[in-house]
1. Write out, first by first residue and then by second, each pair whose Cβ atoms fall under 6 Å of each other, whose residues are 6+ apart or on separate chains, and whose first residue, in region 323-347, is at pLDDT 85 or above while the second is in a loop (DSSP other than H, G, I, E, B) and of a type outside the set (A, V, I, L, M).
2. Taking the criterion of being surrounded by fewer than 17 Cβ atoms within 10 Å (Cβ to Cβ) and within 25 Å of the chain's Cα centre (by Cα), would at least one residue in region 440-448 satisfy it?
3. What single numbered condition from (1) of a type in the set (A, V, I, L, M); (2) surrounded by fewer than 18 Cβ atoms within 10 Å (Cβ to Cβ); (3) at pLDDT below 90 fails to hold for Ala354?
4. Name the residues in region 512-524 that are in a helix (DSSP H, G or I) and surrounded by fewer than 21 Cβ atoms within 10 Å (Cβ to Cβ), would you?
5. Given the conditions (1) assigned to a helix (DSSP H, G or I); (2) at pLDDT below 95; (3) farther than 22 Å from Val222 by Cα; (4) open to solvent by less than 40 Å² (accessible area, probe 1.4 Å), report the number of the one that Ala436 does not fulfil.
6. Kindly evaluate Glu418 against the criterion of being assigned to a helix (DSSP H, G or I), in contact (Cβ under 8 Å) with a residue 24 or more places away in the chain, surrounded by fewer than 23 Cβ atoms within 10 Å (Cβ to Cβ) and in contact with a helix residue (DSSP H, G or I) (Cβ under 9 Å, 6 or more places away or on another chain).
7. Name every residue in region 536-552 that is open to solvent by 40 Å² or more (accessible area, probe 1.4 Å) and part of a helix (DSSP H, G or I), in order of residue number.
8. Under the condition of being aliphatic (A, V, I, L, M) and in a helix (DSSP H, G or I), which residue from region 597-620 is most open to solvent (accessible area, probe 1.4 Å)?
Amino acid sequence: MTDISDRVFEFDGIRVEPVKFKIWRDEAELVLEPKTLSVLIYLLENRGRLIEKDELLNAIWHNTFVTENAMAREIAKLRKALGDDAKESRYIQTVHTKGYRFVAEVSECGSNGHGELTPVYIQTDLSGRPTSAVLGREQGDSLPKAYRTGGYSFRRLILLFALVVTALGTTVFLATRYVNNRSPHRVESIAVLPFSAENITPDQEYITDGISDELINSLAAVREIRVVSRSTSSRYKDRDIDSAAIGRELRVQVVLTGKVRQVGDTLNVQVDLVDSVTGAQLWGAAFVRQAADALTVKQAIIRDLTDKLKFKLSGAEQRDLVRRDAKDPETYELYLRGRFFSQRGSGGKQQAVAIFQQAIDRDPNYAPAYVGLANDYIWLGGYGLVATNEALPKAIFAVERAIQLDDTLSEAHRARAELYDKQWRWQEKEKEMRLALELDANNPQVYLDLANHLFYYRKFGEAILHLKKIKELDPLFDPSMLATAYLYNKDRQAAIREALDSVKLRPDHTLPHSVLGWAYFKEQRFDEATTELETAAKVSNGLSPMLRDLAYCYASTGKRDEAISLLRELEKRLEVGSATGSQLAGVHFALGDKDTAFAYLEKDFSQRAGGLQNITYLEVFDDIRNDPRYSDLIRRIGLESD
């Protein structure tokens, strides 16, 4: 026989198990600090009677000298966690100047009614299978009180037996699932969905987004699991979709969801782990912290989650889970705010720069804040919102400092690669991108960046491999980039197939229409090509590259007047900086004016204009690749093929 009678207290849907030192509310585990939970257990064990302050101090703090304020703080934490009110106490009553009393009605599972623990024993056969449940006796003992009047009723015993059998059945069921201690199965893929917010003010929304984003970053340090990237999971923000269905759509085994609720200055975070196949909840927990302490919430979640998933983490991986966390909650909060504003357009990025700088001022050794600062300066400088001669040096300094502090940050190497791109340091850029990929092999954006870079060298076969990898990582990946790679690799049927799939997913997206236009053009299906390129220009709201492509098509199919009309529009844009010389050059090549076209390319070269490197693969330059002037220009740009 086996004693399974751990003492359990229950009240108002809350269950406390002192032996396990755990507390649940409606099957979701609450996380309390050890001292706070110890106070609750002592109050429950002595419920109904006044616990004087000295008694509680001696029981919990033993011989350690603390003031009554320390005890009062623990009581306050406990009340917040339970949802109690000091003025109208449902659970913990304050007896002025005396002490505390636990006043709620409490049931004690397994109690014999006299405060003594009455075990439940499971009768098993030789194979260890349960055959019966007996309350309060070992085999051979006399019949327990539950069978007699005046003790446990027979009905109560039957109920208890049913509960035990149910518990055993649940245990057997969980033994076949991923997260049970004895499960032979492993969780190899997970999606962390954007957390929902309740009672969160707009200026504190960064906490909700930040916790889920940082959980993704921490889980990425666990090499034995595939973690869906933030860019993929963020598509489900504020969408009312069944989490299990999302898991199946993303082809992951489990999905982690969360809800953040603020009550006064307390942050309540509920997280649930859901099986993508059955929709069953595999684990749930609630975390109660001060609103300004998102850092410890994230750390508690990641600790409990990795424990439940039974990862066999090395010491280095365990350190990596928290190694990149800030040393204090305030720095971490500033970092989360910076990340939040950085995703909200130009105005948000300018705010983010100031916030990231505050985080750095508070902790000059916090590498992630430098990465955020660098990325925002790169973006603001690229769009002319900060002067290039100001933005570029600041971005370079921030990136180099981040890598100096932590050279294992994939995001830092991605930022350095982007800066190398702007400096035309192509080989160094590729080295940084491959290092970023090695450090974060689950991030689709890294594969996409590398594929784009390989286009410069016309290494389309390798680019296709990386883009296919993205489809493995992200089943929702837009196939238009893969279609583009097939187009450049002269596999036009594959390009058309992928582009048509993309149009089905996003009919108002520019790129698939552009790919279809060029694929049809190369197949000499000129009417279809014109239709698609006109659509691309329309859905892009007349972006200059789309006007260039359409003008090239017009000029090549006898519509010279239409081509010249678009050329004049591009010339106007060039004067105000919203078009480049290479875009005009493409149209002049189609019109047969090569000298003017090369003059525009040389002007771009002298100014190191953005996008000039794209001439190595864009279709509008296919007909001049054998011109010595083209070869010389590519040599000077630094993109000669090996």
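1. Thr331/Asp363; Thr331/Tyr366
2. Here is the first cut: in region 440-448, the residues surrounded by fewer than 17 Cβ atoms within 10 Å (Cβ to Cβ) are 441.
Then keep just the ones that are within 25 Å of the chain's Cα centre (by Cα); that gives 441.
Within region 440-448, one or more residues are surrounded by fewer than 17 Cβ atoms within 10 Å (Cβ to Cβ) and within 25 Å of the chain's Cα centre (by Cα).
3. The number of the failed condition is (3).
4. Taking region 512-524 first, the residues in a helix (DSSP H, G or I) are 512-522.
Of everything in region 512-524, just one residue is in a helix (DSSP H, G or I) and surrounded by fewer than 21 Cβ atoms within 10 Å (Cβ to Cβ), namely Lys522.
5. (3)
6. Details: assigned to a helix (DSSP H, G or I): yes; in contact (Cβ under 8 Å) with a residue 24 or more places away in the chain: yes; surrounded by fewer than 23 Cβ atoms within 10 Å (Cβ to Cβ): yes; in contact with a helix residue (DSSP H, G or I) (Cβ under 9 Å, 6 or more places away or on another chain): yes.
Criteria met by Glu418.
7. Of the residues in region 536-552, the ones open to solvent by 40 Å² or more (accessible area, probe 1.4 Å) are 538-539, 541, 543, 545.
Hits for region 536-552 are Lys538, Val539, Pro545.
8. Residues of region 597-620 that are aliphatic (A, V, I, L, M), as a first pass: 597, 599, 601, 609, 612, 615, 618, 620.
Narrowing further to those that are in a helix (DSSP H, G or I): 597, 599, 601, 612, 615, 620.
Details: Ala597: 0, Ala599: 59, Leu601: 0, Leu612: 0, Ile615: 2, Val620: 4 Å².
Checked region 597-620; the qualifying residue most open to solvent (accessible area, probe 1.4 Å) is Ala599.
The values are calculated or read from the model by the stated rules, or taken from the named source; none is laboratory data. If you're wondering where the values come from, they're calculated on a predicted model, not measured in any experiment. In this analysis, Cβ positions are derived from the backbone assuming ideal geometry, glycine residues included, and neighbour counts consider all displayed protein chains. Keep in mind that these areas ignore ligands, DNA and RNA; they rest on the heavy atoms of the full protein, side chains included. Shrake-Rupley method; radii C 1.70, N 1.55, O 1.52, S 1.80 Å.
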